[in-house]
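Structure, as structure tokens:
The values are calculated or read from the model by the stated rules, or taken from the named source; none is laboratory data. These figures come from a predicted structure and were not determined experimentally. Backbone-built Cβ (ideal geometry, glycine too); neighbour counts: all protein chains shown. What goes into the accessible areas is simple: the full protein's heavy atoms, side chains included, and nothing from ligands, DNA or RNA. Shrake-Rupley method; radii C 1.70, N 1.55, O 1.52, S 1.80 Å.
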Amino acid sequence: MKAVIRQWVRGAIVALASMAIYAVALGCYTALMLLVVSMEEGGDNLTVGTTSLTQAVVLLSEGSGFRTDSFTLTITPLLLTILLIWLINALIMRIKAYGPHAYVAGLIVWLGLNEAFRQSVHLGLVDDRWLVLLKAAIVLPIGFLCAAVPESAKMRAFRDWTRKQVPADIRHCLKIGVALAVAILSIYLAIGLITVIVWSVRNHAAVVSLFELSGMETGSRILTTVAMLIWLPNVMLWAVSWLFGGGFAIGDLASFTLWLGQSKELPAIAVFGILPEPVSSELWRTVALNAPLAIAALVGLLAVFLPQGFALNVRNTSTRGPVLVSLIYSAGAFCLSAMLISLASTLLFALSNGSLGDHRLAHIGVDVMASTRVVGHST
């Protein structure tokens, strides 16, 4: 009984500590940014809205957008979401709150905190109460599962059962398939990050011009730019779609592909200044469009021949039978990895989208199916 009570208490502590650390850190930065903007730009003291804005951003990082008199924001800042899940995971492992009782207690406290935030936010939330709480209830279990599942007795029992029931070759095939999917997706995301950096370097003058147009001083420029980094994973995913031929759009006001980069009456938001121009070189367009094919082919060949993969040795004529079997297993691994990449791409592209308004800016991001197609087919 004491062990059960300890698990309940630990689960509640995980939820309270995660939200406290996350919200306080976010609130401190928000207060600093609003204070500097108020001092440099003049006008009203913006720091009075720190608490409400912090609560709204916490809910936004869980997928629940909000609206003001001038705009609607539903683009989930994926960097904040990742950091929140990592924080929950780290606290669970630190406190050792692995059991189901800890999860139930943590979920109850977590939903209570999110409901308190929802009621306190002065900004208008886009989603109804049940949807806000449902999205919040998805974030906490991800952190719990990442920490608890590898440590659970049932998972250890499942691993022992698979070792006894599933042949080693099939288990190796499945492991290689998952590893290939993770490796290829990681390479694609790294390429997306590099692409965003290139955009930023090439178009920094446009960003400076937008800052000057809005009359922002140096401190405000630095702090708002750092704040925009919370959407960096979103822009990385848009860059992947753009580079591989899918493109992305800023509502009905702008469309960006390798062949086209046009905009009309975009809001004077500095981050929009980094958005790319069309690629004029036919050679570079061809390289970009065929990059997924080349990356997948290279990673696949490494998996076939490296000792950590299927370790094929085609020179040894006495092993032609095993070589054929290994090729069959490698084909199965490749099919699994391609399927996982397509599913993960669909989910990631969908999560990266959102809106900045209700009309011409109602959809910002990629066409999910088109972007998944240009990534998945080549892969």
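Structural remarks
- Of the criteria (1) open to solvent by 70 Å² or more (accessible area, probe 1.4 Å); (2) at pLDDT below 75; (3) not β-branched (Val, Ile, Thr), which one residue 312 fails: (1)
- Entry remark, segment 218-230: residues being open to solvent by less than 50 Å² (accessible area, probe 1.4 Å) and within 18 Å of the chain's Cα centre (by Cα) number 2 in total.
- In segment 12-56, of all residues being free of Cβ contacts under 8 Å to residues at least 24 places away in the same chain and in contact with a Leu (Cβ under 7 Å, 6 or more places away or on another chain), the one that is surrounded by the fewest Cβ atoms within 10 Å (Cβ to Cβ) corresponds to 38.
- Single match in 372, 379, 286 (criterion: of a type in the set (Ser, Thr, Tyr), under 20 Å from residue 173 (Cβ atoms) and either open to solvent by 20 Å² or more (accessible area, probe 1.4 Å) or in contact with a Gly (Cβ under 9 Å, 6 or more places away or on another chain) (or both)): 379
- Here residue 215 fulfils each of the conditions (1) at pLDDT 90 or above; (2) over 21 Å from residue 27 (Cα atoms); (3) open to solvent by 30 Å² or more (accessible area, probe 1.4 Å) apart from (1).
- Note on segment 60-96: among residues that are in contact with a strand residue (DSSP E or B) (Cβ under 7 Å, 6 or more places away or on another chain) and within 11 Å of residue 125 (Cα to Cα), the one that is modelled with the lowest pLDDT is 67.
- Top-ranked residue in segment 82-109 [being touching a Ser or Thr at 6+ places or on another chain (Cβ under 8 Å) and in a helix (DSSP H, G or I); ranked as surrounded by the fewest Cβ atoms within 10 Å (Cβ to Cβ)]: 87
- Residue 79 vs. criteria under 23 Å from residue 250 (Cβ atoms), touching a helix residue (DSSP H, G or I) at 6+ places or on another chain (Cβ under 6 Å), open to solvent by 20 Å² or more (accessible area, probe 1.4 Å) and of a type in the set (A, V, I, L, M): yes
- Residue within segment 166-173 that is closer than 30 Å to residue 9 by Cβ, assigned to a helix (DSSP H, G or I) and either open to solvent by 40 Å² or more (accessible area, probe 1.4 Å) or at pLDDT 85 or above (or both) present: no
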